[in-house]
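Report on the following structure.
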Amino acid sequence: MFLMRIVMMGPPGSGKGTRAHIISELYGIPVITTGDMLRGAVREKTEYGIEAKAYMDRGDLVPDSIVNGIVMDRMGKPDVEKGFILDGYPRSVNQADALDGILKKMGIELTHVLSVVLSDKVIIERLSKRRSCPVCNEIYHLISKPPKKEEVCDKCGARLILRKDDKETVVRYRLLVYKETTHQLLERYEKLGLVVETDGKIPLDGLRVHLKELLG
Ligand code: ADP
């Protein structure tokens, strides 16, 4: 059987997470989201979490040593044998090298790098209206996907928040970090013939069909 081993690439707020979750349902494979894992560590005040918090609040990348460690642990779990979707990793050359090492050790290769394309203008607009559940990580949008009850998570009932790093000044900085550090990874994966593009503007209700067509 053909197993999907996918990396999601694209600027913050482009819709990587939304796509990752649809793909996860379509193919029954786990999503490994470094942002959620790091936010969990911050909430639980683990050693990693305490160190990561300051970087995340200002929109900087958390040091590679921390993130590589978290991903390496996660990739050792048995559910990854069915395939996986990495969302938010790798984000630097060092992380891409680390991922190559992890995959080599496991004797497997990536099958797709899904690149979400969206302009800065739309991203800034979108993130200012994004609301997140701090407990179950569900994402809402005040206009395109509002919660049923104002400011409350449909899934778990927690109070929704605007993430500190979704404020406009921090979003602009995250976009800069993406352009300087992460975007170049696309070239590396293009050389390997792995990159498939998806338009970040495709509306939610058309995404399932679109992704199925794209990935086969
Ligand atoms: P977005 O993709 O919208 O920027 P994420 O939830 O993926 O949001 O990431 C939020 C923050 O978590 C990042 O700004 C960064 O501080 C940290 N982070 C997530 N993934 C990584 C990673 N692979 N390397 C370094 N930092 C990361």
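The values are calculated or read from the model by the stated rules, or taken from the named source; none is laboratory data. Please read all numbers here as calculations on a predicted model, not as lab measurements. Backbone-built Cβ (ideal geometry, glycine too); neighbour counts: all protein chains shown. Only protein heavy atoms, including side chains, enter the accessible area calculation; ligands, DNA and RNA are left aside. Shrake-Rupley method; radii C 1.70, N 1.55, O 1.52, S 1.80 Å.
Which part of region 133-169 falls in the paramagnetic zone of Arg208, meaning amide N under 17 Å from the point 7 Å along Cα-to-beta-carbon?
What the label zone holds, given the 17 Å backbone N cut-off, is 145.
Using θ = phi - 60° and the Karplus relation 6.51 cos²θ - 1.76 cosθ + 1.60, list the HN-Hα couplings for region 156-168 in order, rounded to whole Hz, with x at every Gly or Pro.
10, x, 6, 6, 6, 10, 8, 4, 3, 8, 9, 6, 4
Give, in nm to one decimal, the length gained when the segment between Lys77 and Lys167 is fully stretched (0.36 nm per residue of separation minus the Cα-Cα distance).
Full-extension gain reported as 28.9 nm.
Under 5 Å between amide H atoms, partner at least 5 residues away or on a different chain: which partners does Ser115 have, H built in plane at 1.01 Å?
When sequence neighbours closer than 5 places are left aside, the close amide H contacts are Met9, Val196, Glu197, Thr198.
Please report the orientation-averaged projected area of region 1-129, defined via the convex hull of its C-alpha atoms, in nm².
That works out to 8.5 nm², a quarter of the Cα hull's surface.
³J(HN,Hα) across region 175-190 via Karplus (A = 6.51, B = -1.76, C = 1.60, θ = phi - 60°), whole Hz, x for Gly/Pro?
5, 5, 4, 4, 5, 7, 10, 9, 4, 4, 5, 4, 4, 4, 7, 5
For Arg126, Arg163, what's the largest-to-smallest order of accessible area, 1.4 Å probe?
Highest to lowest solvent-accessible surface, that is Arg126, Arg163.
Among Ile139, Val195, Leu103, whose Cα sits farthest toward the positive end of the charge dipole of the chain (+1 at Cβ of Lys/Arg, -1 at Cβ of Asp/Glu, about the Cα centre)?
Positive-end residue among those listed: Ile139.
Please report, in debye to the nearest 20, how large the charge dipole of region 148-189 is about its Cα centre when each Lys and Arg carries +1 at its beta carbon and each Asp and Glu carries -1 there.
Dipole magnitude for region 148-189 comes out near 120 debye.
Per-residue accessible area for His183 at 1.4 Å probe radius, Å² rounded to 10?
Surface accessible to solvent at His183 totals approximately 90 Å².
Counting only the heavy atoms of the protein chains, how much of Tyr27 is accessible to a 1.4 Å probe, in Å² to the nearest 10?
That residue has around 70 Å² of solvent-accessible surface.
To the nearest 10 square angstrom, what accessible area does Phe2 show with a 1.4 Å probe?
140 Å²
Over what distance in Å are the Cα centres of region 48-101 and region 154-184 separated?
17 Å
Students often forget the sequence filter, so: which aspartates and glutamates lie under 17 Å Cα-Cα from Lys82 once same-chain residues fewer than 8 apart are removed?
Correct list for Lys82: Glu25, Asp73, Glu109.
Taking Lys53 as the anchor, which lysines have their alpha carbon closer than 26 Å to its alpha carbon, excluding any fewer than eight residues away along the same chain?
Lys16, Lys45, Lys77, Lys129, Lys155, Lys164, Lys167, Lys179
Take the Cβ-Cβ distance between Asp36 and Ile108 as r, set R0 to 30 Å, and report the resulting FRET efficiency rounded to the nearest 0.05.
That gives a FRET efficiency of 0.85.
Residue separation times 0.36 nm, minus the C-alpha to C-alpha distance between Val93 and Glu51: what's the value?
Between Val93 and Glu51, full extension yields an extra 13.0 nm.
What size of dipole, in debye to the nearest 20, comes out for the chain about its Cα centre when the only charges are +1 on Lys and Arg C-beta atoms and -1 on Asp and Glu C-beta atoms?
In debye, rounded to 20, the chain gives about 520.
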